[in-house]
Amino acid sequence: MSLPPYRVSYSPIIERPPVRWPNGARVAVWVAPNVEHYEYLPDYDGLRNPWPRTPHPDAREYSYPDYGNRVGFWRMLEVLDKHNIKACPSLNLAVLEHFPEIRDAMVERDWDYMSHGMYNTRFLHAVSEEEEREFYRDSVETLKRETGKQLKGMFGPNGSSSLYSPDLMAEAGLIYHCDWMHDDQPVPIQVKGGGKFVSVPYSIETNDGGTFRASHEGDYFAKICKAQFDQLYKEGAESGRVMCVALHPFRIGQPHRVRYLDELLGHIMSHDAVWQTTADEIAEYYIANCYDEAMEYADSLAGAGY
């Protein structure tokens, strides 16, 4: 497969056409629980071996995420329900089959779903183009069968991707990915065939994974998330912004941390001009209402020699 000549046109946020979210919202806020499943004995793909802490079986690193599915997910869910949050999980799709109780809880709440691969221990770096194409076919079919939902977005398993991933995602009917964390608004991504495909802002910064790995605790996580929201809310008066709150049930769902998620969501949802939404809805709205104007502006910069 030949690649497009470029994927992303440069467009400075201070000059690009403004984004107007529904009902005058300043910030589109989406909550992304990373609902994951790690294999006890994952295969080595020849490039990257999952959990390089010890030779397999690495029981500690297997059991820590497993806590999220046994306990943390349910503790987190109680807080999301309290604030009427419609989430969009970054979902290892095998969870739908391994843990039907989690599947049923998500389906009952009519959540949207962004694929995070089948397992967080199977990467896309080393697969062939046809194997990756089949992976997307399987992902679309699995989500439809287990939830009735159409798969629209993707965050590569454990952050992995290939040169062809955006093209193959679009070919499979997806309209966005979250692999490129390069903006505070959706960004058009050029794909083979010329279809409309965007990146939706995800976050490593407002992400409990990186925060708690850096030995910060729940109070710090709530503090930086509130600070980010406040700044985006201020800027969103001129042009709408996106904020992703990325969670891991085995981290935020710990007994000593979950109250900080309650505190954070209470702060965000106390503001009027907030569109609490999902990555699916952000991508669909942006493509329908903002995409063409954004591309025209980016093309004008390219014509001027940027």
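What follows is calculated from the coordinates using simple rules that are stated; it is not laboratory data. Everything numeric here is computed off the predicted structure, so don't read it as measured data. Cβ coordinates were reconstructed from backbone atoms using ideal geometry, including for glycine residues, and neighbour counts include every protein chain displayed.
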Query raised in the report: Antiparallel as a % of all DSSP beta bridges within the chain, to the nearest 5?
Result: 10
**Report entry** Distance between modelled label sites at R137 and Y297, nm, 7 Å Cα→Cβ extension
**Finding:** 4.0
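How charged is the neighbourhood of R75? Take every other residue with its Cβ under 15 Å from the Cβ of R75, and add Lys/Arg as +1 and Asp/Glu as -1.
Around R75, the charge tally is -2.
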**Report entry** For N34, residues with placed amide H under 5 Å, excluding near neighbours
**Finding:** S90, L247, H248
Query raised in the report: Considering the values (1) 24; (2) 65; (3) 13, which represents percent of Cα pairs over 37 Å apart as calculated for the structure under consideration?
Result: (3)
Query raised in the report: Roughly what % of DSSP beta bridges within region 105-263 run antiparallel, to the nearest 5?
Result: 20
**Report entry** Cut-off 13 Å, label 7 Å out along Cα→Cβ of R20, residues of region 271-296 by amide N
**Finding:** 289-290
Query raised in the report: Roughly what would the spin-label model give for H216 and E284, points 7 Å off Cα along C-beta, in nm?
Result: 3.3
**Report entry** Within the chain, helix-based [θ] at 222 nm, where runs of 4 or more DSSP H residues each add -39,500 (n - 2.57), nearest 500
**Finding:** -12000 deg cm²/dmol
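May I ask you to derive the FRET efficiency for E205 and K86 from their Cβ-Cβ distance with R0 = 25 Å, giving the value to the nearest 0.05?
Details: r = 23 Å, r/R0 = 0.90.
Efficiency computed from Cβ-Cβ geometry: 0.65.
Which of the GluC sites (Glu not before Pro) found in region 234-265 are loop residues per DSSP with 14 or fewer other Cβ atoms within 10 Å of their Cβ? Don't jump to the answer; show the numbers that get you there.
Details: sites: E235, E238, E263; in loops: E238.
Within region 234-265, the qualifying GluC sites (Glu not before Pro) (loop, at most 14 other Cβ atoms within 10 Å) are E238.
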Report task. Please give the length that would be gained between V71 and V127 if that part of the chain were fully extended, namely 0.36 nm times their separation in residues minus their C-alpha to C-alpha distance (nm, one decimal). Result -> 16.8 nm
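Test of understanding: what is the full-extension gain from R109 to W180, defined as 0.36 nm times their sequence separation minus their Cα-Cα distance? Please report the intermediate quantities before stating the final value.
Numbers: separation 71, 0.36 × 71 = 25.56 nm, distance 2.81 nm.
Length gained between R109 and W180: 22.7 nm.
What does the charge count around E293 come to, taking other residues whose C-beta lies under 12 Å from its C-beta (Lys +1, Arg +1, Asp -1, Glu -1)? Present the calculation step by step, with values, prior to reporting the outcome.
Details: positive: R16, R20; negative: D292, E296, D299.
Value of the local net charge: -1.
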Query raised in the report: For labels at M269 and K226 in the simple 7 Å Cα→Cβ model, what's the distance in nm?
Result: 1.7
